[in-house]
Each structure stands twice: as structure tokens, then as C-alpha cells.
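Data first, discussion second: the structure below is written as C-alpha cells.
What follows draws every value from the coordinates through simple rules; no lab data is involved. Note that the structure is a prediction, hence the values are computed from the model and not measured. All Cβ positions, glycine included, derive from the backbone under ideal geometry; neighbour counts span all protein chains shown.
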Amino acid sequence: MSAVLGYALELCDAQFGILFAYSSVKGFKATYIKEIPLAFQTWLTEQDWFHVSPNTGLGRMVSDKDIINIANVRMEEIYRHGDPLRDATANLGGARSFTAIPMVSKEGLIGAFTIYRQQLRPFEEKSLLIARIFADQSVIAIENARLVSEARSAKGE
């Protein structure tokens, strides 16, 4: 998964990215990171699993199950109100532009690729559509790994 995240960063010409696991009960957890600033990485590690406001990019992605593309993370109302995730994204990560790409299986949302630019430059639609293909392929890989694990458990391995 780390390699796929790296490809998405390269494709989208972004500085850093995070692959989040998602649980409707537990919330989000950063499971893979690539090139993330240390202060933001430390903050995410301290959070472990965490819930997000419905007004954050991840929160909107949970309800919409669609790509969220934020041109300027500091210009949204949620930043001015001191949301912890947005504050960490902008101030600890130095992010200016952000996109969240949902990973959706038959059961629903299972995670997200989040990709960040430290300069103010929105992500292009073409790049996001290709990144969505990466996310969809990751869902297939995760589902296959789960099925293999279940088959091994059934056999007693």
C-alpha cells in the first residue's frame, strides 16, 4: 500500500500523503504515510483512531463517498474555528491544498488516500480520477488479503 500511495503522490505532484483506515465505530487511523512532516506524523500517532468533524475534508468524504478536493485548507470556515484535524493539517503538516480519495468496498467506506500540497495549487480532475483508480485497486487488494486470511483461518493454518 505504501508503494501505491507513493505513485499517487507522484501522479498528483504532491509533497506528502496518508492512507487512512476507516471504521464507522472507531473513526480514522493513519496506517501508511509517505513524506509527511514529522510534527504532523507525531500528532497522527498520538491520535491513534480518531473521529472527525463532518465539516472536515474527511468528514465530507464519509457522507458523500466521493473525492473531496480543497483548494486552500486555510480559507475554509473550519480552519478559522480551530478544528484539531484541520489545524494539524495546515499548521503541523504545512498543507495548503488537499484531496481525499475514498476507498469503498461492498460494505462501505474502508479508508481513504489523502494527498497534500504545501503550495496553494488545487488538484486537477484528471489526476484525481487516476488516483481514484489506485484507491479502487487498493480496495481489491485489501479484500483479497482478507479472503486469504479467512481461508487460512478456516483451514487452521
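For the pairs K29/K106; K26/K65; K106/K155; K65/K106; K29/K126, flag any whose C-alpha to C-alpha distance is greater than 22 Å.
Numbers: K29/K106 20 Å; K26/K65 18 Å; K106/K155 25 Å; K65/K106 12 Å; K29/K126 27 Å.
Result: K106/K155; K29/K126 exceed 22 Å.
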*Please determine, in degrees from 0 to 90 and to the nearest 10, the orientation of helix 2-12 with respect to the longest principal axis defined by the Cα atoms of the chain, where the helix direction is its Cα long axis.*
40 degrees
*Would you mind computing, in nm to one decimal, how far apart the modelled labels at E150 and K26 are, each placed 7 Å from Cα along Cα→Cβ?*
1.9 nm
*Hey, any idea what Rg/Rh is for the range 93-157, computing Rh the Kirkwood way over Cα pairs?*
1.17
*asked:* At a threshold of 8 angstrom on Cα-Cα distance, excluding pairs fewer than six apart, so keeping six or more, what relative contact order does the range 10-62 reach in percent?
replied: 29 percent
*Of the residues I140, I101, I67, which exhibits the maximal mean-square fluctuation in a Gaussian network model of the chain defined by a 10 Å Cα contact cut-off?*
I140
*Pulled fully out, how much extra length does the chain show between L129 and E10, if you take 0.36 nm times their separation in residues and subtract their Cα-Cα distance?*
41.4 nm
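Just how large is the dipole of the range 2-155 about the Cα centre, in debye to the nearest 20, putting +1 at every Lys and Arg Cβ and -1 at every Asp and Glu Cβ? Walk me through the numbers before you get to the answer.
Numbers: 17 positive and 17 negative charges, 37 e Å.
Dipole magnitude for the range 2-155 comes out near 180 debye.
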_Listed residues T42, T114, T99, most fluctuating in the chain (Gaussian network, C-alpha, under 10 Å)_ = T42
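Loop only per DSSP, at most 16 neighbouring Cβ atoms within 10 Å: give me the GluC sites (Glu not before Pro) in the range 42-137, ordered by residue number. Kindly include the intermediate steps, with their values, before the conclusion.
On the way: sites: E46, E76, E77, E107, E124, E125; in loops: E76, E107, E124.
Answer in residue order: E107, E124.
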*asked:* Principal axis extents for the chain, Cα atoms only, whole Å, descending order, please.
replied: 54, 31, 29
*Measure nothing fancy, just the Cα-based angle from helix 125-155's long axis to the longest principal axis of the chain, in degrees from 0 to 90, nearest 10.*
30 degrees
